[in-house]
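Every read-out reported here was derived from the displayed coordinates using simple, explicitly stated rules and does not represent laboratory data. Note that this is a predicted model, so its numbers are computed, not measured. A quick note on method: Cβ atoms are made from the backbone with ideal geometry, for glycine too, and the neighbour counts reach across all protein chains shown.
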Amino acid sequence: MDKKEENTEEQVVNPWEVSSSGGKIDYDKLIDKFGCQRFDQSLVDRVQRLTGRPPHVFLRRGVFFAHRDFNEILDAYERGEKFYLYTGRGPSSEALHLGHLIPFMFTKYLQDAFKVPLVIQLTDDEKCMWKNLSVEESQRLARENAKDIIACGFDITKTFIFSDFDYVGGAFYKNMVRVAKCVTYNKVVGIFGFTGEDHIGKVSFPPVQAVPSFPSSFPHLFSGKDNLRCLIPCAIDQDPYFRMTRDVAPRIGYHKPALIESSFFPALQGENGKMSASDPNSAIYVTDSGKVIKNKINKYAFSGGRESVELHRKLGANVEEYGAGRMLTGEVKQRLTQVLTELVERHQTARSAVTDEMVDAFMSVRPLPNMFN
Amino acid sequence: MGYSKQQLLALLQDLQIEFSQCEHPVVMTVEDQGKYVGSMEGRLCKNLFMKDKKHRFYIVSALADTKVDMKVLSQRLGLGKGGLRMAPEEALIEILQVPLGSVTPFALVNESARDVSLLLDKGIKTQERCIFHPLSNDMSISLNSDGLDTFLKSTGRDPSYIDLEANPTVGKDQPPDLAAFVPSGSTVLPDPPEQAVSVQSASGNHDIANSKPKAVAEKTVKPSNNVHSVTHKSANALKPSSCFTDAEKFVEEIMDRISARVLTETKEDSIKQNGEELGTEIADRLRKCCCSELKNLATIFWNTAYTEGFHAGKASSLR
């Protein structure tokens with residue numbers, strides 16, 4: 001898939017841009033174009049059987065709707081072979097909104113349901129390069145974001161959080177070079193759309209996001225477990241990185257990472273794309289008070305078709321009886337406000353309990369002896 | 001330092017408040033007090049020292065047989081259902097500076113009690129005289145409500161009497177009628193010595209604090225229309241909470257949340273609906289709704305403990 005093709009398409013979905021000229025994102029088209037699979041009901045049922053607990057609402061409601069090789073992860077799991085989780089965040093702003101928390105909430109569920117370890121990458125270097133932040137500022141943001149991530153409830157005995165600026169080196173860097181050798185300049189331009197004007201930092205970044213998929217990148221955690229599989233919960237706009245990774249993996253003797261992908265949390269206003277940190281009214285922030293949330297829902301949550309109803313469905317509400325009206329009814333909005341307020345309050349309580357010492361502990365290079373318990 | 005009994009009596013005399021007094025053995029209940037004050041004229045009063053979830057404190061002073069329903073009061077104050085509970089013993093000592101069993105409106109003479117809100121039963125106004133403890137429960141004094149007013153004004157308060165038995169509807173269009181009685185200044189509990197950081201502690205359900213426990217809570221609860229039944233989350237949201245570094249406080253926080261839930265579930269219609277099965281029904285609902293919330297709290301506790309151990313380990317290996 002090359003850049004020319006992308007340009008003539010109606011929708012653009014890549015790690016740095018998500019938009020659709022036609023209005024809402026067509027996820028079916030996206031699945032076709034990217035070449036991943038739909039996460040169907042039989043898979044959801046299988047997850048329920050294997051984990052012995054109800055599947056997460058995001059699975060039931062199709063928020064996490066696509067995957068690559070998730071079946072193989074489950075096959076291996078049934079045979080008693082564990083896996084580890086890998087997810088991440090590009091710390092570009094302090095203001096986290098609910099859309100940002102989605103993959104983390106889901107990842108926490110996966111950690112609890114399958115009892116597996118997790119590595120979380122904070123790509124402070126990427127944001128430093130793409131958003132033109134200073135190194136220090138991006139490192140600071142990484143730590144601040146880490147606190148919100150920790151507040152999602154990850155188990156410190158099974159979770160390693162790292163920032164690229166701190167961790168890149170050693171075995172990790174060796175894998176980066178192995179991956180880099182397998183991807184031509186032309187290929188990376190094709191996947192990510194780099195131009196001659198882009199600086200070389202950008203061009204050489206992709207391997208950084210690729211190698212956490214390989215257990216040997218974390219010798220303090222997975223030493224001797226080169227066969228360990230990796231599952232990556234992420235938003236579907238990250239797919240290009242991992243298409244590249246999956247392409248390279250067998251060539252350097254590693255398992256391809258499996259993926260489980262989410263759609264975007266719709267913007268409050270409903271129309272195009274996803275909640276954006278740059279438009280405060282498109283999103284509910286984790287720092288919003290109950291009053292602010294109520295206001296935002298009442299003023300901005302708008303049913304221009306399926307979007308806001310989607311938003312509501314995703315949070316588990318039953319809106320089948322609500323027909324295709326212009327505005328969300330007061331009752332629906334009220335329920336939505338209540339659910340979101342509880343969510344945000346719970347997050348705030350947890351967030352206030354995260355100390356710098358806790359961040360240091362999560363980010364410390366240390367063994368996790370009980371990570372599979 | 002808190003006023004002593006003697007100092008209070010001297011103050012009352014200075015204010016030219018007429019009162020009679022009677023010493024007796026220490027009494028912890030209105031009933032017992034009643035055995036010793038027969039010679040004095042006046043109606044016995046009960047005094048409850050309460051707190052809400054934001055650590056604001058209240059004294060409710062009422063005739064002994066006035067019915068005081070904490071749930072109703074809580075709503076009338078705008079604290080939601082279950083927002084009020086008995087204050088713990090430490091608060092009694094630190095804020096009112098009186099011993100257990102001695103809650104009295106006279107405790108408001110103390111500077112430490114300046115932010116405590118006083119709710120006075122209008123029944124007191126109807127009596128010739130009423131009986132209170134003068135900061136210590138080995139004595140009782142009886143005085144006219146005018147005398148009480150004079151005293152209260154000397155502490156800078158404006159005495160107002162309310163109908164404690166009233167049960168007005170509280171809802172969207174009917175704001176809580178006693179909302180003005182909620183203290184606006186923040187009451188700062190002196191930092192407990194072992195916790196450096198937090199100002200508040202997630203306190204528990206100690207029933208110790210009041211001196212007159214008789215007939216406090218009414219059994220029947222009239223559900224109000226339109227009351228928002230969202231469980232009131234504590235104000236811990238923006239302050240570092242010591243409940244994650246202290247097992248006792250942690251358990252108290254959990255008990256607070258569970259009991260708040262139980263209270264919201266014990267509505268008249270659910271009592272009617274379930275009858276004997278109410279217990280099972282509540283137990284089921286508790287599981288469903290509290291489980292994930294409590295698991296989150298437990299995870300925070302676990303992570304906090306690990307973090308402390310981790311740093312202790314690092315520090316010890318540096319020696």
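Quick notes on this structure:
- Paramagnetic reach from B:CYS291 in the stretch A:24-61 [backbone N under 18 Å; point 7 Å along Cα→Cβ]: A:45, A:47-61
- Three-way shape label, the stretch A:114-231, alpha-carbon gyration tensor, a/c 1.5: oblate
- For the stretch A:52-64, backbone phi angles converted through the Karplus equation (6.51, -1.76, 1.60; θ = phi - 60°) give residue-by-residue couplings of x, 9, x, x, 4, 4, 5, 7, 5, 9, x, 5, 8 Hz, Gly and Pro being listed as x.
- Gyration tensor analysis over the Cα atoms of the stretch A:18-174 returns equivalent ellipsoid semi-axes of 28, 22, 15 Å (largest first, whole Å).
- Among B:ALA10, B:SER74, B:LEU96 - extreme Cα towards positive end, dipole of the stretch B:5-181, charges at beta-carbon: B:SER74
- Out-of-range pairs (alpha-carbon distance over 32 Å; input A:LYS108/B:LYS53; A:LYS29/A:LYS187; A:LYS108/B:LYS272; A:LYS127/B:LYS53; A:LYS294/B:LYS125): A:LYS108/B:LYS272; A:LYS127/B:LYS53; A:LYS294/B:LYS125
- Integer Hz, Karplus 6.51/-1.76/1.60 couplings in order for the stretch B:310-317, x for Gly and Pro: 4, 5, 5, x, 4, 5, 5, 7
- Relative to the current alpha-carbon distance between B:LYS272 and B:GLU111, full extension at 0.36 nm per residue lengthens the span by 53.2 nm.
- Considering only the Cα atoms of the stretch B:5-181, their convex hull presents on average a projected area of 9.6 nm².
- Sites A:LYS115 and B:MET255, calculated FRET efficiency, Cβ-Cβ separation with R0 22 Å, nearest 0.05: 0.15
- Note on A:ASP164, B:ASP115, B:ASP284: ascending count of other Cβ atoms within 10 Å places them as B:ASP284, B:ASP115, A:ASP164, the fewest first.
- Ignoring aspartates and glutamates fewer than eight residues from A:LYS299 along the same chain, the ones with Cα atoms less than 17 angstrom from its Cα are A:GLU271, A:ASP279, A:ASP288, A:GLU307, A:GLU331.
- Distance between the pseudo-spin-label points of B:TYR36 and B:GLN13 (7 Å out from Cα toward the beta carbon): 2.1 nm.
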